[in-house]
1. Among 205, 247, which is modelled with pLDDT of 95 or more and in a helix (DSSP H, G or I)?
2. Quick one: count up the residues across segment 1-13 that are surrounded by fewer than 20 Cβ atoms within 10 Å (Cβ to Cβ) and within 19 Å of residue 144 (Cα to Cα).
3. From the list 50, 38, 24, exactly one residue is closer than 18 Å to residue 93 by Cα, near the ligand (Cβ under 10 Å from one of its atoms) and touching a strand residue (DSSP E or B) at 6+ places or on another chain (Cβ under 7 Å). Which is it?
4. Go through (1) surrounded by fewer than 21 Cβ atoms within 10 Å (Cβ to Cβ); (2) touching a strand residue (DSSP E or B) at 6+ places or on another chain (Cβ under 6 Å) one by one and return the number of the condition residue 138 breaks.
5. Quick check on segment 176-188. Is at least one of its residues within 11 Å of the ligand (Cβ to nearest atom), assigned to a helix (DSSP H, G or I), farther than 17 Å from residue 263 by Cα and without any contact (Cβ under 8 Å) to a residue 60 or more places away in the chain?
6. Tell me the residue from 83, 70 that is within 15 Å of the ligand (Cβ to nearest atom) and either without any contact (Cβ under 8 Å) to a residue 60 or more places away in the chain or within 26 Å of residue 141 (Cβ to Cβ) (or both), please.
7. So if I check each of 227, 235, 231, 221, which one is modelled with pLDDT of 95 or more, in a strand (DSSP E or B) and not assigned by TED's automatic domain parsing to the domain that holds residue 152?
8. Inspect segment 97-108 for any residue being within 15 Å of the ligand (Cβ to nearest atom) and surrounded by 15 or more Cβ atoms within 10 Å (Cβ to Cβ) and give the result as yes or no.
Ligand code: AMP
């Protein structure tokens with residue numbers, strides 16, 4: 001597998017302007033969720049660039065950054081089956097932040113204000129800074145992002161429109177473990193007890209959808225918190241229902257609008273997020 005530290009070297013491998021380039025930005029510690037993006041990108045493009053870069057500016061807590069999992073050799077091995085089509089971009093901080101590790105400031109309006117935007121201050125400025133840099137450096141036609149981070153996906157779509165990057169953002173469905181837990185690099189930080197408890201998050205969302213709470217979000221929230229409270233390893237940080245267009249949380253469901261549920265749950269010090277469609281009434 002060809003590995004590049006600079007975009008300049010990597011781009012010298014692109015053969016012609018007729019080749020389509022897809023990009024999958026990641027922070028490494030790869031799992032089947034990441035690989036589903038890589039697979040889709042390989043199906044839809046001639047060449048695929050996977051980036052592995054743990055971006056310091058999107059971590060609002062230093063402890064979270066310090067314990068973020070990484071295993072470059074294992075990541076390379078997981079990407080090996082795609083190596084005939086794939087270029088691995090593993091930049092260092094100097095390549096991404098030549099003028100010092102700092103976020104730029106963005107204004108994405110309501111979509112950045114709630115949920116992850118409210119509970120992880122500065123997170124989306126960090127995400128947008130690194131994604132804008134990566135996309136400008138590699139200049140793919142298509143870039144692939146997971147619905148696991150639904151709010152991030154909306155922000156990256158807004159970013160490419162605002163900055164007129166001319167890149168198509170392709171959204172990819174959430175890949176889950178057999179027991180329903182959304183795959184995440186952070187899952188490998190869970191203790192065996194926490195790992196056993198964690199599927200309750202998705203299971204509770206499934207139970208919630210089967211019940212009839214009418215239009216009342218507080219009843220849904222109470223149900224979810226009650227379910228999660230049955231696991232002593234888990235603690236709800238937030239539960240929100242928001243329309244998929246503006247991502248503003250609501251307390252009453254209105255007819256004819258598409259909503260999603262967004263949750264963040266702590267398993268010990270590890271923070272897990274999940275999201276499901278609520279559909280329409
Ligand atoms: P990360 O390495 O966590 O920054 O994730 C890199 C990309 O993979 C992002 O676009 C994520 O949304 C996506 N991703 C992470 N986990 C999953 C999953 N379980 N299913 C689908 N996509 C995912």
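The values are calculated or read from the model by the stated rules, or taken from the named source; none is laboratory data. Values in this document were obtained by computation on a predicted structure and should not be read as measured data. Virtual Cβ from ideal backbone geometry, glycine too; neighbours counted across all protein chains shown.
1. Details: 247 fails: in a helix (DSSP H, G or I).
Of 205, 247, the one residue that is modelled with pLDDT of 95 or more and in a helix (DSSP H, G or I) is 205.
2. Within segment 1-13, residues that are surrounded by fewer than 20 Cβ atoms within 10 Å (Cβ to Cβ) and within 19 Å of residue 144 (Cα to Cα) number 1.
3. Values: 38 fails: closer than 18 Å to residue 93 by Cα; 24 fails: closer than 18 Å to residue 93 by Cα.
Only one candidate qualifies: 50.
4. Unmet condition: (1).
5. Let us first name the residues in segment 176-188 that are within 11 Å of the ligand (Cβ to nearest atom), namely 176-177, 181-187.
Narrowing further to those that are assigned to a helix (DSSP H, G or I): 185-187.
Adding the requirement that they be farther than 17 Å from residue 263 by Cα leaves 185.
From what is left, the residues that are without any contact (Cβ under 8 Å) to a residue 60 or more places away in the chain are none.
No, every residue in segment 176-188 fails to be within 11 Å of the ligand (Cβ to nearest atom), assigned to a helix (DSSP H, G or I), farther than 17 Å from residue 263 by Cα and without any contact (Cβ under 8 Å) to a residue 60 or more places away in the chain.
6. Values: 83 fails: within 15 Å of the ligand (Cβ to nearest atom).
Going through 83, 70 in turn, the sole match is 70.
7. On the way: 227 fails: in a strand (DSSP E or B); 231 fails: in a strand (DSSP E or B); 221 fails: in a strand (DSSP E or B).
After applying the criteria, what remains is 235.
8. Here is the first cut: in segment 97-108, the ones within 15 Å of the ligand (Cβ to nearest atom) are none.
No, that holds for no residue.
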